[in-house]
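The values are calculated or read from the model by the stated rules, or taken from the named source; none is laboratory data. No experiment lies behind these values; they were computed from the predicted model shown. Don't worry about glycine lacking a Cβ; one is built from the backbone with ideal geometry, like all the others, and counts go over all protein chains shown. Side chains are part of the model used for accessible areas, which takes the heavy atoms of the whole protein and leaves out ligands, DNA and RNA. Shrake-Rupley method; radii C 1.70, N 1.55, O 1.52, S 1.80 Å.
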Amino acid sequence: PLLISVPRKLRGGDPAPPALSEPVANIDLAPTILELARAAPCRRGSDCRTMDGRSLVPLLRGNRTAWPQDRALAVEYTGRNTGFSSCSYRGVRVADELFVEHTLIPNPTTDACESAIEREHYDLDADPFQLENLYPASVGTTAAARQAELSERLARLRVCAGLPGRDPRSGTRPHCE
């Protein structure tokens, strides 16, 4: 969850921004601040940084059509083994689903992190506490196709740069969502 409060004196008489359910992330904060400041992400001249996030300003102004309807956000973690959690994972979060690939898992005997690939897929509407792992789905089912799609989106998000219509392509890297 992200909470943004716009003080009344900065709203210029506009009403408070609406409560929204669109997926946003911390990568959206810098583009938002830059748009509000009417600034560019440049150090000097044309030396500009390509940002992966989107400005939240259209959403704050009530323009939900400017926001991707099925936006996926990358989630990842790399840290210390706490004995019960993943040491490293990467995943993709969409409005009602979470798909995760664990890349380092704790060995309960040695307490060391070990390389592995373990996957999880959750339907967050039906299972908000992520208790029923749907992975792997039966081969040839629509659920298996959805898991493959989420895995592909994760692979793209891990290397994406910029947004279509705002930023030029960065070599062969795909645009972000």
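The table below gives the values:
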quantity: Over the chain: helical MRE at 222 nm, DSSP H runs n ≥ 4 each giving -39500 (n - 2.57), nearest 500; calculated: -5000 deg cm²/dmol
quantity: The chain: C-alpha pair distances exceeding 18 Å, %; calculated: 70 percent
quantity: Accessible area of Thr78 in the full protein assembly, 1.4 Å probe (Å², nearest 10); calculated: 110 Å²
quantity: Accessible surface, 1.4 Å probe, highest first, among residues Asp167, Asp125; calculated: Asp125, Asp167
quantity: Computed over segment 1-72: relative contact order in percent, which uses C-alpha pairs under 8 Å that are six or more apart; calculated: 32 percent
quantity: Projected label distance in nm at Ala40 and Phe129, using a 7 Å step from Cα toward the beta-carbon; calculated: 5.2 nm
quantity: By accessible area with a 1.4 Å probe, ligands and nucleic acids excluded, highest first: order of Ser86, Ser46, Ser170; calculated: Ser46, Ser170, Ser86
quantity: The chain, accessible surface, carbon-and-sulfur percent (1.4 angstrom probe); calculated: 53 percent
quantity: Leu60 accessible area, 1.4 Å probe, all protein chains in place, Å² to nearest 10; calculated: 50 Å²
quantity: Contact order normalised by residue count of segment 92-177, Cα under 8 Å, 6+ apart, percent; calculated: 20 percent
quantity: Sites Ser151 and Lys9 - FRET efficiency at Förster radius 45 Å, r taken between beta-carbons, to 0.05; calculated: 0.45
quantity: Modelled FRET efficiency - R0 25 Å, Ala137 with Ile27, Cβ distances, 0.05 increments; calculated: 0.25
quantity: Whole-angstrom gap from segment 78-143 to segment 1-77, using each part's C-alpha centre; calculated: 29 Å
quantity: Accessible surface, per residue, of the chain when the full set of protein chains is kept, probe 1.4 Å, Å²; calculated: 66 Å²
quantity: Inter-label distance, nm, simple model (7 Å from Cα along the C-beta direction), Ala144/Leu20; calculated: 3.8 nm
quantity: For the chain: relative contact order, % (alpha-carbon pairs under 8 angstrom, 6 or more apart); calculated: 16 percent
quantity: Rounded accessible area of Arg169 (nearest 10 Å², 1.4 Å probe); calculated: 140 Å²
quantity: The chain: angle of helix 142-159 to the longest principal axis, Cα-based, in degrees nearest 10; calculated: 60 degrees
quantity: Ranked order, Glu101, Glu22 - accessible area, probe 1.4 Å, largest first; calculated: Glu22, Glu101
quantity: Largest-first principal axis extents of the Cα set of segment 13-99 (Å); calculated: 51, 35, 22
quantity: The chain - charge dipole about Cα centre, Lys and Arg +1 at Cβ, Asp and Glu -1, debye rounded to 20; calculated: 1220 debye
quantity: For Leu98, residues with placed amide H under 5 Å, excluding near neighbours; calculated: Tyr122, Leu124
